[in-house]
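Chemist: Got a structure for you, written out below as C-alpha cells; questions coming shortly.
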Amino acid sequence: MVVRSLAGALLALTMSALVMLARPAAAAPFVYCSEASPEGFNASLFIANTTFDASSRNVFNRLVEFERGSTKLRPALAESWTISPDGRVYTFKLRPGVAFQTTKTFTPSRPFNADDVLYTFLRQWDPNHRDHRLSGGSYEYFNSMDMPKLITAIDKLDDLTVRFTLSQPEAPFLADLAMDFASIFSAEYADAMYAAGTPEKIDQEPVGTGPFQLVGYQKDAVIRYKAHPGYWEGKAALDPLIFAITPDAAVAYAKLKTSECQLIPYPNQADLPAMQRDPDLVVTSQEGLNVAYLAFNTQKKPFDDVRVRRALDLAIDRDAIIAAVYLGAGRKAKNPIPPTLWSYNDAIVDTPYDPAAAKRLLAEAGYPQGFETDIWALPVKRPYAPDSRRTAEMIQADWAKVGVRAVIVSYELGELLKRTKAGEHQTMLFGWTGDNGDPDNFLYTLLGCEAAKDGANRARWCDARFDALVTQAKRTSDVGERTRLYEEAQVVFKQETPWVTIAHSVVSTAMRRNVENYRIDPLGGHLFYGVDLAR
Amino acid sequence: MPAFILSRLLQLVPVVLGMTLLAFALARLIPGDPVETMMGERGIDPAHHAAMRHALGLDRPLAVQYLDYLGGVASGDLGRSLVTKAPVLGEFLTVFPATVELSVIAVAFAIAVGLPVGVIAAVRRGSAFDWLAMTASLTGYSMPVFWWGLLLILLFSVHLGWTPVAGRIDVLYDVPPVTGFLLVDTLIARDGAAFASALHHLVLPAIVLGTIPLATIARMTRSAMLEVLQADHIRAARAKGLTSFRVVFVHALRNAMIPVVTVIGLATGTLLAGAILTETIFSWPGVGKWLVEAVRRRDYPVLQGGILLVAGAVVCVNLLVDVLYGLLDPRIRHAAR
C-alpha cells in the first residue's frame with residue numbers, strides 16, 4: 001500500500017515537473033497541423049497538394065498568381081503582359097527588384113530577372129537542359145498540361161522581358177502559369193549548387209522569392225519556416241511558421257483544442273458540429289472547386305445508348321447521398337463544373353429523382369427487365385468523395401429498384417486506376433479537383449476526345465459536338481465568347497449524360513479563434529501570407 | 001560463450017537471405033502501380049507511362065529486379081525511394097532512432113510494471129490483487145491500440161492537460177540531430193527544458209505501446225512464478241529460513257525468468273509492428289509511419305529495404321535474447337556446444 005501511494009505521488013510529482021519544465025519560454029509560433037510529409041520541395045516534380053503547401057504556395061512565386069481565396073489571376077513576378085492578336089505570343093514584363101531568399105547555403109547576388117524564368121521553364125521543357133534529368137526529372141504537371149508540345153520557344157528579350165511562343169492559341173495558358181509547377185527558381189542558386197557538386201539541393205533546400213523560407217525539415221515530424229525579410233509584398237506577419245505533421249484528423253483536432261496547433265486542414269466531417277460549438281474555435285467552409293461523378297463507360301453496351309444513361313441518372317436519389325455520405329457538406333451537382341467557376345450554366349434543369357420514368361426509359365431502350373452491371377468505387381477518401389464505397393452502395397440499392405443489378409468492384413487505388421484507364425469498368429465513381437480555375441480544366445481535360453485516349457476521360461466519351469465546342473473555347477481568348485461556348489457544351493453534356501453528376505463537396509478548415517484573415521483556397525491550397533495571429 | 005554466439009550468427013545467414021526474398025515478394029505482391037498511384041485522377045498517355053516505368057526500373061523482369069536488389073543489399077545499397085528519390089538507408093536512419101527510443105521506453109515501462117505485478121500476483125495467488133491484475137492485463141491485451149491511444153489523449157491531454165497530444169518534442173525546440181535519439185540529443189545540446197519536453201512527449205505513446213507487452217509480461221511472470229514456487233529447491237530455501245523476499249526475488253524469480261525473457265524478446269518484435277499504429281496516432285516520426293506511407297505510394301525500394309531492416313532489427317533482438325538465456329541458465333549455454 002505504502003509503496004503504491006508513494007509511486008503515485010512520485011508519478012504526479014514528475015508529471016507536474018515535466019509540465020512546468022516542458023513549457024517553452026519563447027513567443028508562440030504559428031503552427032499548422034499538416035496532414036503528411038511533402039514528397040519534396042520542388043513542386044514541378046510532384047502533383048500532391050501536401051507538397052505544394054510545403055513548397056510552391058508559401059516559399060515560391062509565379063509570374064502570375066491566383067488572388068488569395070479566389071481563382072482570379074493577378075500579376076505577381078510579372079508586372080504586366082501582352083498577348084498577340086493571334087493568341088500565340090505572350091510577352092511578360094517582369095517585376096524589378098524582387099529578392100530571392102538568403103539561406104544557410106546561398107546568398108543571392110542579384111534580384112530576380114529573366115534568367116530565372118528561363119531556367120525554370122527550360123529545365124522542364126528542354127530534354128537537353130543541364131538540369132532536366134535532376135531529381136528523377138519527371139515533370140508531371142508540365143507534361144499533363146501539354147506544355148512540351150504547346151510551347152515552341154521561350155526567349156529573353158532583355159533582363160526584365162520574357163516571351164513565350166505557342167504552337168497554337170491556348171486561352172488557359174495564363175492560368176496554367178499560375179499553377180504550382182510554374183514556380184520560379186533561382187538560376188543563380190542552381191548554378192551555385194551545380195558548381196558545388198550538389199545540384200539536387202535546389203529541390204531539397206528551396207530558395208524562392210516567396211513570403212516564407214525553409215529553415216529546417218524533419219521527415220514526418222516538422223517543417224520550419226521563417227518570414228522572408230525582403231519579401232516584395234512586405235514581410236509576413238507570421239514568424240516563425242511551423243508545419244507539425246499530424247496524419248490523423250482526430251489527433252489534429254485534439255491538438256487544435258490544446259493549442260498545439262492553430263489551424264488544421266481536413267477536419268473529420270463528424271467532428272464539425274462539436275468544433276462549431278467550441279467558443280475557442282472557428283470553422284470556415286467553402287464550396288470546393290470540385291465535382292464527384294459516376295462515369296458510364298460509353299464504349300460498352302448498354303451504356304452506348306443515351307436512353308440507358310439517362311434512365312440510370314433518373315434512378316439515383318442524389319439528395320439521399322448528399323445527406324448520408326456528405327453529411328450535408330456537399331451540394332447536389334447538375335453540371336460537370338462547380339457553380340463557383342465562371343461559365344457555369346445555371347439554366348440547365350437538373351435531372352429529377354424519378355424511378356418510374358427511369359423504368360419506362362429502360363423499357364424503351366429494350367431492357368424492361370433491367371440488366372447486370374458493375375460500379376467501380378474508390379477505396380480511399382478524396383476531397384470530392386468522403387466515402388466512395390458508401391455512395392456505390394446507395395446507387396446499387398437505387399438501381400435495384402428499377403431492375404438493374406450492380407456489383408460493386410473495388411481494388412487498391414493504383415490497381416483500380418490502371419484497370420479503369422484500360423476501360424475494364426462499366427460504371428465508375430470518380431471525381432476531380434480543379435487545377436487553375438479555368439472551365440477548360442474540367443470540360444476539355446475530363447470529357448474531351450483527347451482525354452478519352454490518355455484515360456482521364458473515364459466515360460471514354462468522344463462526342464463530336466461537345467469536343468468542337470470545348471476545343472474552340474480553348475483557342476479563343478475572348479472570355480465572353482468562351483463563356484458562351486462552355487455554356488453550350490454543358491447543354492450537350494446534359495443531353496448526352498456521359499456522367500451522373502453527383503456532388504460538389506464543401507471544404508472546411510478549423511482554426512483557433514485568434515487566427516485572423518485566413519481564406520480558404522478554392523484550389524485546395526493552404527496559404528499563410530496575409531494571415532495574422534491576434535496576441 | 002563466443003562459440004555460442006558464433007553458431008547463432010551462422011544460423012542467421014539463411015534467415016537474412018529468406019528475408020530478402022520475402023521482403024521483395026511482399027512488396028510486389030500488393031497490387032497496384034506506383035505510376036498510377038502517383039497520377040491519381042490525372043490522365044497519362046501510354047508512352048509517357050511506359051517511359052516513367054522504365055525510368056523507375058519497373059519494366060525489367062522480376063528476377064532481374066530481385067537480383068539487382070540482392071546485389072545492392074550485399075554492397076549495403078538499398079536503392080532510392082521512388083517518391084523522394086532519397087537513399088532508402090539514409091531515410092531509414094533518420095526514422096529508426098525515433099522508433100527505437102519509443103520502443104525502449106515502452107519495454108522498460110512494461111518490464112518495470114509487469115514484472116513486479118506478475119510476481120506479487122503469483123505470491124498472493126487468489127487475492128483481490130491477483131484477480132484485479134489479471135483482469136486488467138487481459139483487458140490491456142485485448143484493447144485495440146488505436147482506440148486506447150485516442151482514449152488516453154482525450155483524458156490526459158485534452159481534459160486534464162497533463163500531457164501533450166502528439167509529436168516527439170514541442171515544435172519550438174529545434175534540437176540539432178546528432179544521434180537521432182532526442183533524449184540523448186537534448187542532453188548533448190545541454191538543453192534541460194528540451195529534454196523535459198522530449199520525456200514529456202514520450203509518456204503517452206510509451207504507455208500505449210507498452211500496454212500489450214506489459215500484459216503479456218505480467219501474465220507470463222505470474223504463471224512461471226507459480227510453477228517455480230512449487231519446486232523443491234524453493235521449499236528447501238524456505239526450510240533454511242531465508243527471508244521471504246530472498247526466496248521470491250532471488251531463488252524463484254531467476255528460474256522463472258527464462259520464459260519471461262522469451263516473451264520480452266518476442267514482444268520487442270511485435271512492438272515494431274504495434275509501433276505502426278502508435279506512431280500514426282501520436283504523429284511519431286518513426287519506421288512505422290514511414291512504411292505505411294510507402295505501402296500507400298507503392299514505393300518498392302522503401303518497402304523492400306524497410307521490411308528487411310526492421311526484420312534485421314527483430315533478429316538482432318532475438319539473438320540478444322538467446323545470449324541472455326545463456327547468461328541466465330548455464331545449461332542452455334553448454335547444450336549449444
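Chemist: In whole angstrom, note down how far apart the Cα centers of the range A:242-273 and the range B:146-204 are.
Modeler: The range A:242-273 and the range B:146-204 have Cα centres separated by 18 Å.
Chemist: Any idea what the dipole of the range B:91-299 comes to, in debye rounded to 20, about its Cα centre with Lys/Arg Cβ at +1 and Asp/Glu Cβ at -1?
Modeler: Numbers: 15 positive and 12 negative charges, 194 e Å.
So the magnitude is around 940 debye.
Chemist: Separate question: Below 8 Å, C-alpha to C-alpha, sequence gap of six or more: please give me the relative contact order for the range A:40-211 in percent. It would help to have the intermediate numbers written out before the result.
Modeler: Numbers: 312 pairs, mean separation 59.9, N = 172.
Dividing the mean separation by the residue count of the range A:40-211 yields 35 percent.
Chemist: Which is farthest toward the positive dipole end of the range B:91-299 among B:Leu253, B:Gln230, B:Leu183, measuring Cα position about the Cα centre, with Cβ charges +1 (Lys, Arg) and -1 (Asp, Glu)?
Modeler: B:Gln230
Chemist: With no other cysteine's Cβ closer than 4.7 Å, which Cys residues of the protein assembly as shown count as lacking a disulfide-compatible partner?
Modeler: When partners are defined as cysteine Cβ atoms under 4.7 Å apart, the protein assembly as shown leaves B:Cys316 without one.
Chemist: How crowded by other chains is B:281-289, given as the mean number of beta carbons from other chains within 10 Å of each beta carbon?
Modeler: Values: counts 6, 3, 13, 2, 7, 2, 1, 1, 7.
Average neighbour count from other chains, rounded to a whole number: 5.
Chemist: Which number comes out as Rg/Rh for the range A:290-507 once both Rg and the Kirkwood Rh are worked out on C-alpha atoms?
Modeler: Numbers: Rg = 16.3 Å, Rh = 17.3 Å.
Dividing the radius of gyration by the Kirkwood radius yields 0.94.
Chemist: With an 8 Å Cα cut-off and a minimum separation of 6 or more residues, compute the relative contact order for chain B in percent.
Modeler: Numbers: 364 pairs, mean separation 93.5, N = 337.
Relative contact order, chain B: 28 percent.
Chemist: Can I ask one more? Counting other beta carbons within 10 Å of each Cβ, put A:His504, A:His425, B:His233 in order, fewest first. Provide the component values of the computation, followed by the final result.
Modeler: Details: A:His504 27, A:His425 23, B:His233 12.
Final ranking by Cβ density, sparse to dense: B:His233, A:His425, A:His504.
Chemist: Would you work out the Kirkwood radius for the protein assembly as shown? I mean one over the mean of 1/r across all pairs of different Cα atoms, in Å. Walk me through the numbers before you get to the answer.
Modeler: Working: mean 1/r = 0.0330 Å⁻¹.
For the protein assembly as shown, the Kirkwood estimate is 30.3 Å.
Chemist: If packing is taken as the mean number of other Cβ atoms within 10 Å per residue, what is the order of B:276-289, A:338-351, highest first?
Modeler: Values: B:276-289: 25.3, A:338-351: 15.6.
Listed from highest to lowest mean packing, they are B:276-289, A:338-351.
Chemist: Can you compute the FRET efficiency between A:Asp346 and A:Lys300 using 1/(1 + (r/R0)^6), with r the Cβ-Cβ distance and R0 = 45 Å? Round to the nearest 0.05. Could the numbers behind the result be given before it?
Modeler: Values: r = 32 Å, r/R0 = 0.72.
Between A:Asp346 and A:Lys300 the formula returns 0.90.
Chemist: Here is a follow-up. Given a Förster distance of 30 Å, report the FRET efficiency between A:Thr82 and A:Asn128 from their Cβ-Cβ distance, rounded to the nearest 0.05. Write down the numbers at each step before the final one.
Modeler: Working: r = 30 Å, r/R0 = 0.99.
With a Förster radius of 30 Å, E is 0.50.
Chemist: Efficiency by 1/(1 + (r/R0)^6): what FRET value for B:Ser223 and B:Leu9, r their Cβ-Cβ distance, R0 = 35 Å, to the nearest 0.05? Intermediate results must be reported in sequence, preceding the final value.
Modeler: Working: r = 32 Å, r/R0 = 0.92.
It comes out at approximately 0.60.
Chemist: Name the residue farthest towards the positive end of the dipole of chain A from the options A:Thr209, A:Asn61, A:Pro229, assuming +1 on Cβ of Lys and Arg, -1 on Cβ of Asp and Glu, about the Cα centre.
Modeler: A:Pro229
Chemist: Round to a whole angstrom and tell me the spacing of the C-alpha centers of the range A:163-185 and the range A:303-334.
Modeler: If you average the Cα positions of each part, the centres end up 36 Å apart.
Chemist: Work out the charge dipole of the range B:91-299 with +1 on the Cβ of Lys and Arg and -1 on the Cβ of Asp and Glu about the Cα centre, then indicate which of B:Thr216, B:Thr270, B:Trp147 is farthest towards its positive end.
Modeler: Final value for the positive-end residue is B:Thr216.
Chemist: Please get the size of the charge dipole for the range A:290-507, origin at its Cα centre, with Cβ charges of +1 on Lys and Arg and -1 on Asp and Glu, quoted in debye to the nearest 20.
Modeler: Working: 29 positive and 29 negative charges, 71 e Å.
Roughly 340 debye, rounded to the nearest 20.
Chemist: State the three equivalent ellipsoid semi-axes of the range A:40-211, derived from the C-alpha gyration tensor as the square roots of 5 times its eigenvalues, in descending order and whole Å. All intermediate terms of the calculation are to be shown ahead of the outcome.
Modeler: Working: eigenvalues 108, 60, 56 Å².
Ellipsoid semi-axes (Å, largest first): 23, 17, 17.
Chemist: Give me the percent relative contact order of the range B:70-213, please, defined on Cα pairs under 8 angstrom at least 6 residues apart. Walk me through the intermediate numbers first.
Modeler: Working: 112 pairs, mean separation 42.4, N = 144.
RCO, the range B:70-213: 29 percent.
Chemist: Can you put B:Leu253, B:Leu266 in order, fewest other beta carbons within 10 Å first?
Modeler: B:Leu266, B:Leu253
Chemist: Using a simple spin-label model with points 7 Å from Cα along the Cα→Cβ vector, what separation in nm is obtained for B:Ser75 and B:Phe146?
Modeler: 4.2
Chemist: If you don't mind, another one. Quick check: the distance between the Cα centres of the range A:474-518 and the range B:7-54, to the nearest angstrom?
Modeler: Computed from Cα coordinates, the inter-centre distance equals 39 Å.
Chemist: Another question, if that's okay. Could you please tell me the mean projected area of the C-alpha convex hull for the range A:385-535, averaged over all directions and given in square nanometres to one decimal? Let's see the in-between values first.
Modeler: Details: hull surface 50.8 nm².
So the Cα hull casts an average projection of 12.7 nm².
Chemist: Given Cβ point charges of +1 (Lys, Arg) and -1 (Asp, Glu) and nothing else, what value in debye, to the nearest 20, does the dipole of chain A about its Cα centre take?
Modeler: I would put it at about 920 debye.
Chemist: On to the next question. Once you place label points 7 Å from the Cα toward the Cβ at B:Ala231 and B:Leu21, how far apart are they in nm?
Modeler: With each label placed 7 Å out from Cα toward Cβ, I get 4.0 nm.
Chemist: Write down Rg/Rh for the range B:91-299, rounded to two decimals, with Rg from the C-alpha atoms and Rh from the Kirkwood relation over Cα pairs. If you can, show how the numbers build up before the last one.
Modeler: On the way: Rg = 19.9 Å, Rh = 18.7 Å.
Rounded to two decimals, Rg over Rh is 1.06.
Chemist: Under the rule of -39500 (n - 2.57) per DSSP H run of 4 or more residues, summed and divided by the residues of chain A, what mean residue ellipticity at 222 nm is obtained, to the nearest 500 deg cm²/dmol? Intermediate values should be presented prior to the final figure.
Modeler: Details: 20 runs with 177 residues, N = 535.
Computed ellipticity for chain A at 222 nm equals -9500 deg cm²/dmol.
No lab work stands behind these numbers, since they all come straight from the coordinates. The model shown is predicted, which means the values in this text are computed figures rather than measured ones. Positions of Cβ are backbone-derived with ideal geometry, glycine not excepted, and every protein chain shown enters the neighbour counts.
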